1. Among (1) among the hydrophobic types (A, V, I, L, M, F, W, C); (2) without any contact (Cβ under 8 Å) to a residue 60 or more places away in the chain; (3) closer than 30 Å to Ala77 by Cα, where does Leu208 come up short?
2. Within the set of pairs 6+ apart or on separate chains, which have a first residue in the range 411-440 that is assigned by TED's automatic domain parsing to the domain that holds Gln473 and within 19 Å of His175 (Cβ to Cβ), a second that is among the basic types (Lys, Arg) and surrounded by 16 or more Cβ atoms within 10 Å (Cβ to Cβ), and C-beta atoms under 7 Å apart?
3. Identify, from the list Glu128, Glu97, the residue that is more than 30 Å from Ala522 (Cβ to Cβ) and assigned to a strand (DSSP E or B).
4. Can you pull out the residues in the range 292-309 that are farther than 18 Å from Gln484 by Cα and more than 20 Å from the chain's Cα centre (by Cα)?
5. Looking at Tyr278, Tyr292, Tyr232, which is the one that is touching a helix residue (DSSP H, G or I) at 6+ places or on another chain (Cβ under 7 Å), under 30 Å from Gly469 (Cα atoms) and in contact (Cβ under 8 Å) with a residue 12 or more places away in the chain?
6. On the given criteria, is Ala168 of a type in the set (A, V, I, L, M), surrounded by fewer than 23 Cβ atoms within 10 Å (Cβ to Cβ), under 25 Å from Arg113 (Cβ atoms) and in contact (Cβ under 8 Å) with a residue 24 or more places away in the chain?
7. Might you check whether a residue that is assigned by TED's automatic domain parsing to the domain that holds Gly379, part of a loop (DSSP other than H, G, I, E, B) and in contact with a strand residue (DSSP E or B) (Cβ under 7 Å, 6 or more places away or on another chain) occurs anywhere in the range 215-223?
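The values are calculated or read from the model by the stated rules, or taken from the named source; none is laboratory data. This one's a predicted model, so the numbers in the text were calculated from it and none came from an experiment. We place every Cβ from the backbone using ideal geometry, glycine too, and count neighbours over all the protein chains shown.
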Amino acid sequence: MSRSGRRKFLLAVGATAAAVGLAGGFWWRHRPVYDEYADRGVPAAPYDPAFPNRLALPGADGMFGIVDLPASLTLAAKAVRHASLPPGNPAPLLAYESEHEGRTFLNPILRVRSGTAVGIKFWNALDEESIIHWHGFKVDSNNDGHPHYAVSGGGTYDYQFTVANRAATYWYHPHPHHLTGKQTYLGLAGLFIVEDDDEVRLQLALDLKLGETDIPLLIQDKRLDAEGRPVYAPDAVERVHGYLGDQVLVNFIARPHFAATTRIYRFRIINGSNARVYRLAFMRGGQQIPYYVIGNDGGLLERPYGVAETFLSPAERLDVLLDLRDSRVGEAVTLMSLAFDPMHLESAAKAPAGEASRGHHAGHEAMTSNHAQGILPDGAAIELLKITVTRKTAYDKALPETFTPITPIDVTGARQRVLKLGETKGAWRINGLAYKLRATPIVVKRGSVEIWEIRNAARGMPHPMHVHGFQFQMLERSGSPEQQRSSAVNEKGLSAADLGWKDTLLVWPGETVRLAIDFSHAFLGDQVYMVHCHNLEHEDHGMMLNFKVAA
């Protein structure tokens, strides 16, 4: 299919599903996920009409079923049916489907031991090009999911790589240029969990089991029609600000609840939204309660950090512990996103009369339009998940005081490189450049260490910046807004979520963030990766640059 033909591909998943289904019969009807999993031995919570649906937990098949690699695996991007609004009929959306050991999986949770060689075949059963990006993985460029390798509808792509990452919660999603936002929004996203000795020690120390007391939470805001199908149709304003939903799904379920006992729970939280930032807090009786950040994008931190709230931007992950040991039966805790200033072109309001940018007027137009459509405003307070304690349990585990030490990157003699984020001719850009598929405006030397200084324009909006192929360590935030400064845990302005190893970071308007990257790797020849904004509407419209690691 030509690029012009692909651009004409319908934006609503219903049309997508119909076209694909008629072409090849790729429909798969799935039973409602809220009745799917066996009881965990925890009494059900009393019915609450505000949270009527059971949280979907990883199981042995179906949506987010667990597949242990290195099984030979095929992931097919295709149209399926799944219920996001129980008790309605399953609605059409896109998902990665896999058949494994006689079971069918949708967006499976892939689990693997660090150091394992894996082979995964991607089958593109869509009517447009696609490719899978293994977000956060240290792989060569042939396995990274660069849009240069996108395959047309009906095509396949074979991935072969050894998992070099430490234990953490990673994820996978599409990365075809101009289509990433659409395909991810319509359902193509899954988790990839890596384990190692440190992870096993934590599981034993806290008696954690994936899907029971170790709970992944994929948070995504969506616009769903009356049948429960996601609808993706950004207008010109939304392509500037990002596409926001009218409700938030957790593990593809609206307004879920979770029954718990008096113990420590682990939540692996992934912001899978296209553009929405969350300010995560746990609330009980109208009051914030503390929780512990133990890890983020690149795995465990050196120790737990007690916090009251944490920002989480698109593509970032947060590994947290919630201590319910002192809770009473019947008490409820709500995971929510607190209200905050989204800072969309906020400094434009301070410009002299007549000098406000076209983007600022677009921002006002977007706010007015969103309210009219019932869209949840960016920065709005949103209840995400209700957790109700339904049983007392004997639990003698204690929170570990330390984890594995993290060696700082040695930045002695490191080259400093500046990346400026801002608006150029009505579009978001890095260093004023629009993305070109084969251009490599950034060239680094294999084995070198660089300090990247990312500066966001004051007259701008927040940008979650993602680096492919390498993890980095954040060194310092400066010029941060008060809502970010208030969460700092050190003199460098870094929050607990900024520590350790990262692959994505949020940069606020007027803020400068410095990070260290070690470009050492074991791959032969030149390698080409990308740095881009993970507001997917920004990415799709050119806020992305290739960088080459020269051998």
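1. Failed condition: (3).
2. Once the first residue is assigned by TED's automatic domain parsing to the domain that holds Gln473 and within 19 Å of His175 (Cβ to Cβ) and sits in the range 411-440, its partners that are among the basic types (Lys, Arg) and surrounded by 16 or more Cβ atoms within 10 Å (Cβ to Cβ) give Thr440/Lys548.
3. Glu97
4. If the condition is that a residue be farther than 18 Å from Gln484 by Cα and more than 20 Å from the chain's Cα centre (by Cα), then Glu302, Arg303, Pro304 are the ones that fit.
5. Answer to the selection: Tyr232.
6. No: the conditions fail for Ala168.
7. Scanning the range 215-223 turns up at least one residue that is assigned by TED's automatic domain parsing to the domain that holds Gly379, part of a loop (DSSP other than H, G, I, E, B) and in contact with a strand residue (DSSP E or B) (Cβ under 7 Å, 6 or more places away or on another chain).
To keep it simple, each residue is scored yes or no on (1) at pLDDT below 95; (2) buried (at least 19 other Cβ atoms within 10 Å of the Cβ); (3) assigned to a loop (DSSP other than H, G, I, E, B).
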{"site": "Tyr265", "(1), (2), (3)": "no, yes, no"}
{"site": "Ser273", "(1), (2), (3)": "no, yes, yes"}
{"site": "Leu280", "(1), (2), (3)": "no, yes, no"}
{"site": "Gln288", "(1), (2), (3)": "no, no, no"}
{"site": "Ile294", "(1), (2), (3)": "no, yes, no"}
{"site": "Phe311", "(1), (2), (3)": "no, yes, no"}
{"site": "Leu321", "(1), (2), (3)": "no, yes, no"}
{"site": "Gly330", "(1), (2), (3)": "no, no, yes"}
{"site": "Leu335", "(1), (2), (3)": "no, yes, no"}
